Amino acid sequence: MTERDSALAGREAPRQADEVRDLLSLAEDLADHELAPHADDFEDRAEFPRKILRILGRAGLLSLPYPTEYGGGGQSYEVYLTVLEILAKRWLAVAQSVNIHVLSCYPLMAHGSDRQRERWLHGMLSGEQLGANCISEAEAGSDISAMRCTARLDPDGSYYTVDGTKAWTSHAGRADHYNLFCRTGGPGVRGLSVLLADAATPGLQVQRLEKKMGVRSSPTAAVAFDRAQVPAERLIGRPGKGFLIATGLFDRGRLGIAACAVGLASAALDYAVAYTRIRQQFGRPLIDFQGMGFMLADMSTQVAAARALVREAARTMDSGARDSIVTATAARAKLFATDMAMQVTTDAVQALGAYGLVQDHPVERWMREAKLLQIIEGTNQIQRVVIARSL
């Protein structure tokens with residue numbers, strides 16, 4: 001069953017199924033013609049593909065899981081994750097950028113006021129703007145209760161003055177707005193809030209870009225705030241609601257990463273199969289040797305299992321299940337899918353032998369990128385903590 005079939009099987013009424021089928025066909029066409037031909041070149045030059053993201057935005061792929069009344073696609077999370085998988089199969093960094101932007105719209109959509117949504121959300125969902133999330137700090141990664149970036153409300157109540165530095169911000173220097181998670185109250189998670197900071201805010205400064213082992217075309221950097229003044233009207237939700245917003249963001253982010261992992265592993269599997277059908281040793285295609293055939297069979301099974309787990313987690317979210325259930329299923333999907341992607345891409349390198357080690361073939365890049373997926377949106381050790389606590 002293909003990724004398209006699994007998103008359609010028994011899930012939609014006929015008219016809705018036709019709409020989803022057309023959407024997935026559009027995603028595949030864009031992925032084949034706008035992403036795949038450029039991935040190697042942009043990754044080699046570490047160049048951010050802003051033009052390509054605008055094309056995806058105009059096609060409606062940057063707003064899929066949000067209501068149509070605000071300019072969103074009105075699609076289920078299951079359909080959205082299927083689109084992410086399609087994109088990641090051709091170019092992981094672009095799929096990640098789509099996921100990062102979709103996540104950047106979540107705080108405003110889920111917790112903003114009607115006035116805030118009417119003012120800012122349409123522009124964010126149009127695809128012409130790009131968003132980012134400032135959450136992690138040098139000493140506060142998965143433990144967001146240790147966050148030190150502070151925002152103090154000015155005496156007249158019109159501005160928050162922000163001081164501190166956020167680490168590992170994706171889209172740094174390219175985003176038009178940042179969801180800034182900061183401390184507006186006392187210690188612990190109850191003192192955290194979220195400000196929607198415009199990229200042009202005085203005192204907001206992007207630091208040196210990180211040199212990463214994978215997804216080099218996606219810029220990552222620290223973002224410093226030096227007495228940056230953010231209007232108080234840009235507070236999302238009430239003061240102290242930051243941890244609740246972050247929890248919803250983490251659940252959705254982990255599902256997005258899991259879908260990307262399935263797409264990446266699927267690309268590696270297809271490449272390994274194609275290579276071993278052509279490459280011959282001792283007068284026979286490599287795939288005909290039992291040792292190779294069994295390895296490819298295991299890779300195929302693991303990809304299919306991860307896809308099924310991601311679909312189950314997406315359906316759990318779409319069903320409106322309790323937050324605790326969504327959190328556990330998202331953690332399981334992220335854990336399994338990203339560990340799977342690491343193994344499958346490693347096996348793909350092995351299938352190519354010495355050719356798997358050179359940049360003439362993409363499998364070595366995919367293996368480096370898979371490692372990243374085990375770390376971002378909470379390391380897989382943290383996912384195990386989350387799952388164990390849910391038991």
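The values are calculated or read from the model by the stated rules, or taken from the named source; none is laboratory data. Computed from a predicted model, the values in this text were never measured in an experiment. As a convention, Cβ positions derive from the backbone with ideal geometry for all residues, glycine included, and neighbour counts pool all protein chains shown.
From S76, S126, S97, grab the single residue that is polar (S, T, N, Q), surrounded by fewer than 18 Cβ atoms within 10 Å (Cβ to Cβ), on the phi < 0 side of the Ramachandran plot and touching a residue at least 24 places away in the same chain (Cβ under 8 Å). Step through it out loud before you land on a result.
Values: S76 fails: surrounded by fewer than 18 Cβ atoms within 10 Å (Cβ to Cβ); S97 fails: surrounded by fewer than 18 Cβ atoms within 10 Å (Cβ to Cβ).
Checking each option against the conditions leaves just S126.
Put simply, of V273, V215 the only residue that is under 30 Å from N179 (Cβ atoms) and either touching a Pro at 6+ places or on another chain (Cβ under 6 Å) or among the aliphatic types (A, V, I, L, M) (or both) is V215. Among residues of region 365-391 that are on the phi > 0 side of the Ramachandran plot, those with a Cβ under 7 angstrom from a residue that is at pLDDT 95 or above, sequence gap 6+ or separate chain, pair up as E377/F250; E377/G253; E377/R254; E377/I257; E377/K334; G378/F250; G378/R254. Within region 148-193, the residues that satisfy the criterion of being in contact (Cβ under 8 Å) with a residue 60 or more places away in the chain, touching a strand residue (DSSP E or B) at 6+ places or on another chain (Cβ under 6 Å) and small (G, A, S) are A151, G164, S170, A175.
Restricting to region 159-188, what's the tally of residues that are over 30 Å from F48 (Cα atoms) and crowded, with 17+ Cβ neighbours inside 10 Å?
Here is the first cut: in region 159-188, the residues over 30 Å from F48 (Cα atoms) are 159-161, 183-188.
Add one more test, that the residue is crowded, with 17+ Cβ neighbours inside 10 Å, and what stays is 159-160, 183-184.
Residues that pass the stated criteria total 4.
Listed here are the strands (runs of 3 or more DSSP E) enclosed by region 113-230 that have at least 3 residues being over 28 Å from R90 (Cβ atoms): 150-153, 159-170, 177-183, 192-198, 204-209. Filtering region 372-381 to residues that are surrounded by fewer than 17 Cβ atoms within 10 Å (Cβ to Cβ) and either under 19 Å from S218 (Cα atoms) or of a type in the set (S, T, Y) (or both) leaves I375, T379.
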